[in-house]
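S.K.: Here you go, one structure.
Nothing in this text is a laboratory measurement; each read-out follows from the coordinates by a stated rule. Nothing here was measured: the structure is a model prediction, and the numbers come from that model. FYI the Cβ positions are ideal-geometry reconstructions off the backbone, even for glycines, and counts take in every protein chain you see.
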């Protein structure tokens, strides 16, 4: 008898997955980089607001897709249904070898590094702690999806409490004199448009993750209704939190000091609370550990779905008969993350082509809503995108401009992502031939 995934995830749990996937290390690290590109309070808040609008238009667009295809794998399924299994495969491949495994390696290193701020340890100790963190979240996610949901709820709640403390301290006790409507000095990155594009890399990295709720649709109690709500609620909450957090930073430190800071959250809070650095280090460790756990929960469902479709190693479709979780898919992702952690160790330049690669697929996925409105008119849609077709077009247009700017401004990183996807084509054709071509070019079963 075939073992199926267990449907245990609630709307609250799915929303915590969406929020927790976004709020990791980004809001604690990227504001300094963004202030370097846009050295003015008004421009800083504007680029974060634009990121929030982009995220919300994306969530509203993806919400309709989630109501149409309430299946495990989320974006992988949407791409496969719209364009055929090649695009679904490329998305899953990119998520395994770069996006999620690379992010997990970086998150585990970040978690261990901030713990070392509290409990001093050598570089070997940091690496060992990072591997241990990966092992812990892997075990939790294998045991049961409900345990992973509880983990996501607890750690997302803790990080929201910590960020709320930063917001309250900054807005009500901040000492920096700042004119929020000051345009400051001119951007340093070759003009305002280019500077905004480069700043958006860090912003969109920080906002990325709300779509992870769709990956676990197969384990939601009422996926058609819960997945759209979770993504939209998550996007709104994260946008508000990020704007308030940046407002707090601006009340605690001048823009010049924000741009120069290597640990913006610690430096900002330390201006009011002498031991704030330790508290913030603990908060970031909790935040990164929580996001690490959520990524270990969500992304392996993509590889599981691919394997079920015959587009990946069939062993990745194995469901543990007792725990009802895709144990092999989880183990493969975590094992690759450990390899990246041990032989790579940093995440400095990866952010650009991780975000670039992710947003190429975001744009393609959003275009899918127009394809389905024409080709799948009769498919049930409990949710329809508010403001269609304007909202999806806003998301698609901004995504196109962002990807084009990244390709021009950071060609090495962007082309690396494209080359990596192209390199996977022989593997795709191998799996396609082995599966006997069960899907046609439109992604529908034949």
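S.K.: With springs connecting C-alpha atoms under 10 Å apart, model the chain as a Gaussian network and identify which of 426, 300, 380 has the largest mean-square fluctuation.
M.R.: Comparing 426, 300, 380 in the GNM, the peak value goes to 426.
S.K.: Determine which residues of segment 7-36 fall in the zone a paramagnetic label at residue 222 would reach in this model, i.e. backbone nitrogen under 18 Å from the point 7 Å along Cα→Cβ.
M.R.: Label zone hits: 7-16.
S.K.: Follow-up. For segment 1-150, evaluate the Debye formula with one uniform point scatterer on each Cα (no solvent term) and list log10 I(q)/I(0) at q = 0.11, 0.19, 0.20 Å⁻¹, rounded to two decimals.
M.R.: Results for segment 1-150 at q = 0.11, 0.19, 0.20 Å⁻¹ read -0.64, -1.42, -1.43.
S.K.: Compute the distance in nm between two label points, each set 7 Å from the Cα along the Cα-to-Cβ direction, one at residue 171 and one at residue 194.
M.R.: 3.7 nm
S.K.: While we're on this one: Which order do 245, 127 fall in if you start with the one that has the fewest other Cβ atoms within 10 Å?
M.R.: 127, 245
S.K.: At 0.36 nm per residue, and after removing the present C-alpha to C-alpha distance, how many nm does the segment from residue 161 to residue 318 gain when stretched out fully?
M.R.: Length gained between residue 161 and residue 318: 52.8 nm.
S.K.: Report, in deg cm²/dmol and to the nearest 500, the calculated mean residue ellipticity at 222 nm for the chain, where each DSSP H run with n ≥ 4 adds -39500 (n - 2.57) and the sum is divided by the residue count.
M.R.: -24000 deg cm²/dmol
S.K.: If each residue's Cβ is checked for other Cβ atoms within 10 Å, how do 378, 85 rank with the fewest at the top?
M.R.: Values: 378 5, 85 28.
Lowest to highest Cβ neighbour count: 378, 85.
S.K.: Continuing with this model, one more query. Rounded to the nearest 0.05, what FRET efficiency do residue 370 and residue 335 have when you use their Cβ-Cβ distance and R0 = 35 Å?
M.R.: Given R0 = 35 Å and the Cβ-Cβ separation, E is 0.35.
S.K.: Does anyone have the angle between helix 192-207 and the longest principal axis of the chain? Alpha-carbon axes, 0 to 90°, nearest 10?
M.R.: 70 degrees
S.K.: Sort 408, 126, 330 by Cβ crowding within 10 Å, fewest neighbours at the top.
M.R.: Listing 408, 126, 330 from fewest to most nearby Cβ atoms yields 408, 126, 330.
S.K.: Let me ask something additional. Given the Cα-Cα distance of residue 262 and residue 384 and 0.36 nm per residue of separation, how much length would full extension add, in nm?
M.R.: Numbers: separation 122, 0.36 × 122 = 43.92 nm, distance 4.32 nm.
Length gained between residue 262 and residue 384: 39.6 nm.
S.K.: Can you tell which of 322, 376, 434 shows the greatest fluctuation in a Gaussian network model of the chain with Cα springs below 10 Å?
M.R.: Its mean-square fluctuation being the largest, the pick is 322.
S.K.: Relative to the longest principal axis of the C-alpha atoms of the chain, give the angle of the C-alpha long axis of helix 100-118, reported between 0 and 90° and rounded to the nearest 10°.
M.R.: On a 0 to 90 degree scale, this one is about 30.
S.K.: Still on this structure, I have one more. What do you get for the angle between helix 26-37 and the principal long axis of the chain? Use alpha-carbon atoms, 0 to 90 degrees, nearest ten.
M.R.: 60 degrees
S.K.: If you build the Cα gyration tensor of segment 1-88 and take the root of 5 times each eigenvalue, what three semi-axes come out, in whole angstrom, biggest first?
M.R.: Taking √(5λ) for each Cα gyration eigenvalue gives 34, 17, 12 Å.
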